[in-house]
1. At 7 Å along the Cα-to-beta-carbon direction for both GLU190 and LYS94, put a label point, then send me their distance in nm to one decimal.
2. List the chymotrypsin sites (Phe, Trp or Tyr not before Pro) within the range 22-63 that fall in a DSSP loop (any state other than H, G, I, E or B) and whose Cβ has at most 15 other Cβ atoms within 10 Å.
3. Give the average over all directions of the projected area of the C-alpha convex hull of the range 35-94, one decimal, in nm².
4. Please list, by residue number, every one of the trypsin sites (Lys or Arg not before Pro) in the range 1-63 that is coil in DSSP and has at most 15 other beta-carbon atoms within 10 Å.
5. Take every Cα pair under 8 Å in the range 48-124 that's 6+ residues apart, average their separations, divide by the length, and report that relative contact order as a whole percent.
6. I'd like to know how the range 168-214 sits against the 2.2 N^0.38 Å rule of thumb: what's its Cα Rg over that expected value?
7. Using a cut-off of under 16 Å, list every residue of the range 1-36 whose amide N is near the label point 7 Å from the Cα of PHE199 along the Cα-to-beta-carbon line.
8. At 7 Å along Cα-to-Cβ for each site, give me the label-to-label distance between GLN124 and ALA172 in nm.
Amino acid sequence: MDPQYPQIAISKEALSQLPIVEYHGEITVVDTIEEAQTALEALEKEAIVGFDTETRPTFTKGRTHTVSLVQIATRERCYLIRLNRLGFFDELRKFMENENVRKIGLSLKDDFFVLHKISEFEPQGFIDLQAFVRDYGITDSSLQKIFAVVFGQRISKAQRLSNWEATELSPAQQLYAAIDAWACLKLYDELTEGRFDPFKSEYIVIPEPEITEEEKTEVPAPKPEKKEAATPEKKTKMRRKRTTAKTSKKEKE
């Protein structure tokens with residue numbers, strides 16, 4: 001993190017109060033090789049894109065699924081490439097290894113890990129926002145929180161655990177998937193073009209005062225001992241002792 005910037009993070013409570021982000025771009029679902037080749041031919045001409053993946057969730061211990069969907073977004077359109085139908089085809093591998101197209105994603109090591117279960121490739125031209133935003137003082141690591149900090153809007157996660165291998169992706173699924181890839185690109189644009197000022201953020205974290213070395217080693221003064229209140233039994237014993245003492249004195253006299 002750049003030391004000249006304040007530390008910035010948003011709480012869950014503040015996040016929940018923000019309006020939901022809207023996406024007005026085009027969405028193209030790609031589920032044939034011909035459509036995929038056309039899409040990637042267009043994407044190869046782009047200088048920069050947003051990138052994300054979706055995997056069908058599993059609710060059974062020990063069971064996993066491979067990547068169902070790869071989302072690649074320009075500023076105007078997002079392509080949803082259905083890997084569960086197409087596999088990891090050659091044109092996609094070439095695109096992933098094309099260093100001339102910058103690909104903006106988040107937690108990319110996780111995407112690469114699951115994609116490598118399908119096919120080997122050497123990712124080139126990728127920029128991970130989790131590391132990138134540290135230079136702007138942002139300490140949050142989720143796309144939802146980073147987007148909220150920069151734009152004051154919330155990305156809905158309602159479709160995250162839906163079935164990404166369904167016969168047809170619902171409009172809600174398509175919108176969710178498109179926003180995740182598009183949001184990565186939008187964040188990169190906003191930060192690199194200087195429109196986000198960390199010093200004016202609503203979510204600057206106020207650090208707690210540091211404890212000095214003297215305060216750490218300072219020994220607290222001992223607390224005065226409290227005298228125990230005499231119980232009725234103790235009072236009776238004390239009276240007996242006094243009476244016995246007086247009797248003994250008289251006998252001596």
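Coordinate-derived values only; no laboratory data. All values reported here derive from a predicted model rather than from experimental measurement. Reconstructed Cβ throughout: ideal geometry from the backbone, glycine too, with neighbour counts over all protein chains shown.
1. A separation of 3.5 nm, rounded to one decimal place.
2. PHE59
3. 4.8 nm²
4. LYS45, LYS61, ARG63
5. Reported relative contact order: 33 percent.
6. Taking N as the residue count of the range 168-214, the ratio is 2.02.
7. Within reach of a label on PHE199: 2-8.
8. With each label placed 7 Å out from Cα toward Cβ, I get 4.1 nm.
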